[in-house]
1. Return the only residue of VAL123, VAL127 being more than 20 Å from ILE92 (Cα to Cα), over 16 Å from the mean Cα position of the chain (by Cα) and buried (at least 17 other Cβ atoms within 10 Å of the Cβ).
2. Kindly list, by first and then second residue, each pair from a residue in segment 16-43 that is over 16 Å from GLY135 (Cβ atoms) and in contact (Cβ under 8 Å) with a residue 24 or more places away in the chain to a residue that is crowded, with 19+ Cβ neighbours inside 10 Å and charged (D, E, K, R), limited to pairs with Cβ atoms under 7 Å and residues at least 6 apart or on different chains.
3. Just to check your reading of the model, which residue among ILE17, ILE22 is modelled with pLDDT under 95 and within 13 Å of the chain's Cα centre (by Cα)?
4. Can you tell me which residue within segment 82-98, out of those that are among the β-branched types (Val, Ile, Thr) and touching a residue at least 40 places away in the same chain (Cβ under 8 Å), is surrounded by the most Cβ atoms within 10 Å (Cβ to Cβ)?
5. Across segment 99-118, which residue is farthest from the chain's Cα centre (by Cα) among those that are buried (at least 18 other Cβ atoms within 10 Å of the Cβ) and either under 14 Å from THR161 (Cα atoms) or not hydrophobic (A, V, I, L, M, F, W, C) (or both)?
6. Of (1) in contact with a helix residue (DSSP H, G or I) (Cβ under 6 Å, 6 or more places away or on another chain); (2) buried (at least 23 other Cβ atoms within 10 Å of the Cβ), SER79 satisfies all except one. Which?
7. Which residues, counting only those in segment 106-129, are part of a loop (DSSP other than H, G, I, E, B) and modelled with pLDDT of 95 or more?
8. If you go through segment 121-177 one residue at a time, how many are in contact (Cβ under 8 Å) with a residue 60 or more places away in the chain and hydroxyl-bearing (Ser, Thr, Tyr)?
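The values are calculated or read from the model by the stated rules, or taken from the named source; none is laboratory data. Keep in mind that what you see is a predicted model, and the values were worked out from it rather than measured. Here the Cβ positions follow ideal geometry from the backbone for every residue, glycine too, while neighbour counts run over all protein chains shown.
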Amino acid sequence: MERYEIRLSGSGGQGLILAGKILAEAAAIYEGLNAVQTQSYGPEARGGASKAEVVISDGEIEYPKAIELDLLLALTQESCLKYSSDLKKGGILIIDSSFVKELPKGDFRIYSAPINEIAVDKVGKAVVTNIVALGILTKISKVISEDSVKKAILARVPKGTEELNMKAFDEGFKAGEELLS
């Protein structure tokens, strides 16, 4: 793996910054790769635009920002339209079909799942939408192992929510398997 660029995008309050930190830690701490995580969000903490980027490499990372995305997760219509043009040819776009209705055109693969609905209906809380998305992303991208992401989740989520977050990850991973079959 030379350099793999991931952008997690949506709106503030969806837990994308935490998801980015989990991915970076899974890569760096549990996989022994180099990883850099950056984040950006609007002045309004909840509801404004939000994105987290993770660059993963087995070599040196000379520039910490994503330039040409290998994978884009878009949880909102706005983020999908805004960032899909940054996907490289043959890249992966994962969208939350609960909120993204207008699909962009481009030379990339699109995977569509009702991520928010999975969090609410199968796990019981919308607050774990980010962890459901991590499950899907982990299965589809195959960049970081399931085991490493789970370890990073357990190290990062608030005490007392581990079981809920593991269930969310597992439901997302299952949804990823269904998208690939």
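1. Checking each option against the conditions leaves just VAL123.
2. Once the first residue is over 16 Å from GLY135 (Cβ atoms) and in contact (Cβ under 8 Å) with a residue 24 or more places away in the chain and sits in segment 16-43, its partners that are crowded, with 19+ Cβ neighbours inside 10 Å and charged (D, E, K, R) give THR38/GLU53.
3. ILE17
4. Per the criteria, the residue is ILE94.
5. For segment 99-118, the residue satisfying everything is PRO104.
6. Result: SER79 fails condition (1) only.
7. Result: PRO114, GLY124, LYS125.
8. The qualifying residues number 4.
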